[in-house]
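A short reminder: the numbers here are calculations on the coordinates, not readings from a lab. Keep in mind it's a predicted model, so treat the numbers as computed, not measured. Methodologically, a virtual Cβ is constructed for each residue, glycine included, from the backbone with ideal geometry; neighbour enumeration extends over all protein chains shown.
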Amino acid sequence: MISSYIQEIALLAVPVLFSITFHEVSHGYAAFRLGDPTARNAGRLTLNPISHIDPVGLLVLVVTRMIGWAKPVPVDPRYFKNPRQDMMWVSLAGPASNLLLAVVFAVISRMVPPIAQSSFLYPLAIMLQFMIVINVGLAVFNLIPIPPLDGSHILQGLLPPEMAMSYSRIEPYGFIILLVLVFTRTVNVVIFPIIDFITGLLMRI
């Protein structure tokens, strides 16, 4: 039991670290393209996962094998021409990048011959499946409209300014709300069926 769990964690390591790193770099790159050099100046436009790991978010991702978060990339909306709209695009870049990765790895997974399931390539086949599930999970989870997740910034960009201002008042409590929802498994009930549905579609590509 313990050995199988260790083996699973080992196979999860690369997909997890790569996926959360790509997610955060996508945020930083989108902000940079929109005129904000903050992430670049902070050294966050790097594929080194150490720069992006959030211990709690990584723990949640390892435990759930689907959902989690990384250390947010610093963004300064004062650099943007249209702060509300541009912040929405920056926030959307992370989940969009994960969905793109999920599609890419789903296609690659289909190219792995069936014999890989019973050969030395078996770990690779499993890692590809983890890549799909983890990236779909990261995308869906981060679209939840609770601060500090990306979905909250996207929703603020879509709401009228007055409503967005009222909504932003929950931000100081967002992380606590999020932890309660995660560890009471409320999030699982809401988003796991969505993750399973999208993953199932991609597996059939």
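List of remarks:
- Listed residue (L181, G200, L143) projecting farthest to the positive dipole end of the chain, Cβ model: G200
- Calculated from backbone phi, Karplus (6.51, -1.76, 1.60) coupling profile of the range 31-45 in Hz, x at Gly/Pro: 5, 4, 5, 8, x, 9, x, 4, 5, 5, 5, 8, x, 9, 8
- Summary of packing: across the peptides 161-169, 138-146, the per-residue average of other C-beta atoms within 10 Å ranks them, highest first, as 138-146, 161-169.
- Phi-derived couplings, Karplus 6.51 cos²θ - 1.76 cosθ + 1.60 at θ = phi - 60°, listed residue by residue for the range 171-178: 4, x, 9, x, 5, 5, 4, 5 Hz, with x used for Gly and Pro.
- Check: the chain dipole with +1 on Lys, Arg Cβ and -1 on Asp, Glu Cβ, in debye: 200
- Considering only F32, F22, F183, the mean-square fluctuation computed in a Gaussian network model of the chain, springs between alpha carbons under 10 angstrom, is largest for F183.
- Sum of side-chain charges, I53 neighbourhood, beta-carbon under 10 Å (Lys, Arg +1; Asp, Glu -1): -1
- Between the listed residues S152, P172, S51, the Cα displaced farthest toward the positive end of the dipole of the chain, a dipole computed from Cβ unit charges relative to the Cα centre, is found at S51.
- Diffusion constant of the range 2-203 at 25 °C, which comes from Stokes-Einstein with the Kirkwood Cα-pair radius and 0.890 mPa s, µm²/s: 139
- Remark: the range 1-75 carries a charge dipole of roughly 140 debye about the Cα centre, counting +1 on each Lys and Arg Cβ and -1 on each Asp and Glu Cβ.
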